[in-house]
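What follows is a set of notes on a single structure, which appears directly below.
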Amino acid sequence: MELRVLKYFLAVAQEKNITSASESLHITQPTLSKQLMDLEKELGCKLFERGKRKITLTEEGTFLRQRAQEIVDLADKTESSLKSVDQTVAGDISIGCGETQGMRVIIGAMKKLSDTHPDIRFHIYSGNGEDVSERLKKGLVDFGLFVGNANLEKFDYIKLPVYDTWGLLMRKDAPLAEREAIRPKDLENITLLCSRQALTNNELSGWLGKDFSKLNILSTHNLLYNASLMVEEGMGYALAIDGLLNTSERNLVFRPFEPRIKADLVFAWKNYQVFSKASELFLNCLLKNL
């Protein structure tokens with residue numbers, strides 16, 4: 001598969017129309033149609049369902065779209081890194097991260113590096129630990145910031161000198177809002193909106209004394225904002241990390257768990273990673289700031 005043809009495929013998948021895609025790519029419609037048919041022939045499967053006004057992706061086409069986007073992103077990232085190898089350090093640095101106030105440590109290093117090397121560009125990808133790990137393994141991000149338990153077998157990493165605190169996000173008029181802290185028994189008779197990270201990594205089961213799946217879990221989330229809207233609507237209490245939302249301007253409060261549960265913050269990169277000049281400078285800048 002040629003990179004050029006994958007870009008053609010992605011354009012058609014986005015536009016859902018051969019004519020519109022050919023115009024955005026500045027090539028003729030017959031040329032684009034032939035390239036797509038050749039791609040389908042090469043792969044031995046049908047990628048599109050062609051209608052009168054628009055085309056839709058088949059199951060195979062949907063799979064290829066995800067993989068093609070990853071391939072194109074990685075190629076663009078590699079090209080940018082190679083072009084930046086000169087006396088003026090430039091290029092792109094991509095960081096995958098979970099929701100955490102610990103990003104301030106990373107952002108501090110970004111600011112210092114940006115002040116001295118203004119041609120460096122940063123790209124932030126937000127997701128849960130599983131998302132960040134997957135992108136890091138595939139080389140789609142240079143670094144990953146993990147909150148709490150994470151499988152770091154294939155990564156080199158440093159532990160940041162800060163941590164997060166687990167607790168419950170709730171409405172100000174919720175019964176548990178009267179407490180200064182939340183104990184394990186308090187979770188037994190309430191409706192929970194649970195962080196998928198806590199479920200996947202079994203992060204809080206030791207504190208609770210049993211598996212979280214035995215509690216009344218209404219929904220799961222990987223990022224907190226949408227879960228906070230559900231809390232405001234009275235749908236339940238959200239398992240959360242402190243400091244992610246400004247509760248003072250909303251009908252929400254956060255109460256920490258007791259005994260306290262601290263989530264370590266780990267900054268990681270792939271084993272035997274060959275860094276671009278920009279990424280190497282950034283890592284050195286971060287290490288100096290710790």
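The values are calculated or read from the model by the stated rules, or taken from the named source; none is laboratory data. For clarity, every value in this text was computed on a predicted model and none was experimentally measured. Here Cβ is always computed from backbone atoms with ideal geometry, including for glycine, and neighbour counts include all displayed protein chains. Side chains included, ligands, DNA and RNA excluded: accessible areas come from the protein's heavy atoms. Shrake-Rupley method; radii C 1.70, N 1.55, O 1.52, S 1.80 Å.
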Looking only at the range 252-266, decide whether some residue is surrounded by 16 or more Cβ atoms within 10 Å (Cβ to Cβ), modelled with pLDDT under 90 and closer than 30 Å to Arg135 by Cβ. yes
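Conditions (1) in contact (Cβ under 8 Å) with a residue 24 or more places away in the chain; (2) over 20 Å from the mean Cα position of the chain (by Cα); (3) within 14 Å of Asp164 (Cα to Cα), marked per residue:
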position	(1), (2), (3)
Ser228	yes, no, no
Tyr237	yes, yes, no
Ile241	yes, no, yes
Leu244	yes, no, yes
Thr247	yes, yes, no
Phe254	yes, yes, yes
Val266	yes, no, yes
Asn284	no, yes, no
Leu290	yes, yes, no
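Can you tell me which residue within the range 107-130, out of those that are free of Cβ contacts under 8 Å to residues at least 12 places away in the same chain and hydroxyl-bearing (Ser, Thr, Tyr), is farthest from Ser279 (Cα to Cα)?
Applying the first criterion (free of Cβ contacts under 8 Å to residues at least 12 places away in the same chain) to the range 107-130 yields 107, 111, 114-116, 118.
Of the ones still in play, those that are also hydroxyl-bearing (Ser, Thr, Tyr) are 114, 116.
Values: Ser114: 12, Thr116: 14 Å.
Here the residue is Thr116.
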Quick one: in the range 115-139, of everything that is of a type in the set (Lys, Arg) and part of a helix (DSSP H, G or I), which residue is nearest to Glu153 (Cα to Cα)? Lys137
Pairs, please: C-beta under 6 Å, at least 6 apart or cross-chain, first residue acidic (Asp, Glu) and in the range 133-160, second open to solvent by less than 30 Å² (accessible area, probe 1.4 Å) and not in a strand (DSSP E or B)? Asp142/Ser279
Within the range 243-280, how many residues turn out to be in contact with a Gly (Cβ under 6 Å, 6 or more places away or on another chain) and within 23 Å of Pro184 (Cβ to Cβ)? 5
Does the range 132-141 contain any residue that is of a type outside the set (S, T, N, Q), open to solvent by 20 Å² or more (accessible area, probe 1.4 Å) and in contact with a strand residue (DSSP E or B) (Cβ under 6 Å, 6 or more places away or on another chain)? yes
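Matching residues to (1) open to solvent by 50 Å² or more (accessible area, probe 1.4 Å); (2) in a loop (DSSP other than H, G, I, E, B); (3) over 24 Å from Gly108 (Cβ atoms):
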| residue | (1), (2), (3) |
| --- | --- |
| Ala150 | no, yes, no |
| Asp164 | no, no, no |
| Glu180 | yes, yes, yes |
| Asp186 | no, no, yes |
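Among the residues of the range 141-151, which ones are at pLDDT 90 or above and not aromatic (Phe, Trp, Tyr)? Break it down stepwise before answering.
Kept after step one, since they are at pLDDT 90 or above, are these residues of the range 141-151: 141-146.
Selection gives Val141, Asp142, Gly144, Leu145.
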Under 9 Å between Cβ atoms, which residue pairs at least 6 apart in sequence (or on different chains) link something in the range 63-83 that is over 16 Å from Leu47 (Cβ atoms) and touching a residue at least 12 places away in the same chain (Cβ under 8 Å) with a partner that is open to solvent by 40 Å² or more (accessible area, probe 1.4 Å) and of a type in the set (Asp, Glu)? Lys77/Asp92; Ser80/Asp92; Ser81/Asp92
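Might you check whether a residue that is among the aliphatic types (A, V, I, L, M) and either more than 16 Å from Leu281 (Cα to Cα) or under 11 Å from the mean Cα position of the chain (by Cα) (or both) occurs anywhere in the range 113-129?
The answer is yes; a qualifying residue exists.
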Those residues that are in contact (Cβ under 8 Å) with a residue 40 or more places away in the chain and closer than 20 Å to Glu49 by Cα, I need them from the range 1-28; list them, please. Leu6, Lys7, Phe9, Leu10, Val12, Ala13, Lys16
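Among the residues of the range 166-178, how many are in contact (Cβ under 8 Å) with a residue 12 or more places away in the chain and open to solvent by 20 Å² or more (accessible area, probe 1.4 Å)?
3
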Of all residues in the range 277-290, how many are touching a strand residue (DSSP E or B) at 6+ places or on another chain (Cβ under 9 Å) and open to solvent by 20 Å² or more (accessible area, probe 1.4 Å)? 4
